[in-house]
Amino acid sequence: MSADPSTANEIPQPTHFAFDAESEAAIEKIIKRYPPGKQASAVIPVLYVVQRQMQRQTGIAWVPRVAMDVVAARLNMAPIRVYEVATFYFMFNLKPIGKFHLQVCGTTPCWLRGSDEVFRACKDAAGVHGYGETSADGLFTLSEVECLGACVNAPVLAVDDDYYEDLDYESTVRLIEALKRGERPKPGSVIGRQASAPVGGPLVLTDVPGE
């Protein structure tokens, strides 16, 4: 979860951050999307670059304050402008999180389809007491998020950037147990749904001309 930069003093912060070669290549492509003088528009994707680099280098996806200062310098922005963006959007982690970020969608379609059971399964299987907490073993951080945009296959749980859909209590527990074993189940519907088709397969447009 994002946090006010004023609380960052309470969190151990690295004293140095520099973009690695992979990040530099990504940033070069990102900045080309914007007209000259409008590089500040790249702040959100560049903050994502920071978060992904931290995950590669440390195993933890987060955005340290010193990295925000580096982003500001790269994009010719006042640091406070970067802080404003990073603290507004909940997808930027301003403190270290667990190895796996469990993000339960609690918006109406997922709630109506059983997101409370997904939340309960995360608490039971991951060993966390509630949202905003990290398990004692450091493996899991649990967050509640707004609509993930996969409502038709609700309820949805995002693990880092992967979506797992059509979950219930038991399938969520199985997913978390697999992560504990070092396995990474295939993202998507856990009941085998084809994209967003009805359960059991498509009911219309099943004949493709020429086939």
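All of the numbers you see were taken from the coordinates with simple rules; none came from a lab. Because the structure is predicted, anything quoted here is derived from the model rather than measured. Neighbour counts are summed over all protein chains in view; Cβ atoms, including those assigned to glycine, are modelled from backbone coordinates with ideal geometry.
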**Ascending count of other beta-carbon atoms within 10 Å, so fewest first, for M54, M68** = M54, M68
**Request:** Please identify the cysteines of the chain that lack any partner cysteine with a Cβ under 4.7 Å from their own Cβ.
**Result:** C122, C147, C151
**Message:** Check which residues have an amide H placed less than 5 Å from S189's amide H, if you skip close sequence neighbours.
**Reply:** E165
**Complete:** Per the Cα gyration tensor, the range 100-189 corresponds to an equivalent ellipsoid with semi-axes, largest first in Å, of 19, 14, 11
**Prompt:** Taking the Cα centre of the chain as origin and charging only Cβ (+1 Lys, Arg; -1 Asp, Glu), how large is the dipole, in debye to the nearest 20?
**Reply:** 600 debye
**Asked** Quick one: which of K29/K99; K32/K123; K38/K95; K38/K186 span more than 32 angstrom between C-alpha atoms?
**Response** K32/K123; K38/K186
**Request:** Be a star and scan the range 103-133 for residues whose amide nitrogen sits under 20 Å from the point 7 Å along the Cα-to-Cβ vector of I11.
**Result:** 103-104, 128-133
**Request:** Determine, from the Cβ-Cβ distance of K32 and D160 and an R0 of 30 Å, the FRET efficiency 1/(1 + (r/R0)^6), rounded to the nearest 0.05.
**Result:** 0.65
**Item:** Folded to 0 to 90 degrees: helix 115-126 orientation relative to the chain principal axis, Cα
**Value:** 70 degrees
**Message:** Starting from the 7 Å offset along Cα-to-Cβ, what nm value, one decimal, do you get for the label separation of E24 and A178?
**Reply:** 3.8 nm
**Item:** Residue range of the chain that is longest and free of trypsin sites (Lys or Arg not before Pro) which are both DSSP loop and sparsely packed (at most 16 other C-beta within 10 Å)
**Value:** 39-180
**Item:** Of all DSSP beta bridges in the chain, antiparallel share, percent nearest 5
**Value:** 45 percent
**Asked** Tell me, what are the semi-axes, in whole angstrom and largest first, of the equivalent ellipsoid of the chain as set by the roots of 5 times the Cα gyration tensor eigenvalues?
**Response** 34, 23, 15
**Request:** For the range 15-88, calculate the relative contact order in percent as a whole number, restricting contacts to Cα pairs under 8 Å that are 6 or more residues apart.
**Result:** 31 percent
**Complete:** Note on the chain: contact order normalised by length, alpha-carbon pairs under 8 Å, 6 or more apart, percent, works out to 17 percent
**Request:** Principal axes first, then extents: for the Cα atoms of the range 87-136, list largest minus smallest coordinate on each axis, whole Å, largest first.
**Result:** 31, 28, 14
**Request:** Note the full-extension length gain between L203 and E146 as 0.36 nm times their separation in residues minus their Cα-Cα distance, in nm to one decimal.
**Result:** 17.5 nm
**Request:** Mind running the shape call on the range 15-88? Use the C-alpha gyration tensor, a ≥ b ≥ c as the square roots of the eigenvalues: rounded below 1.5 for a/c, prolate if a/b tops b/c, oblate otherwise.
**Result:** oblate
**Item:** Charge dipole (the chain, unit charges on Cβ, about Cα centre) - positive-most of A42, H129, V199
**Value:** A42
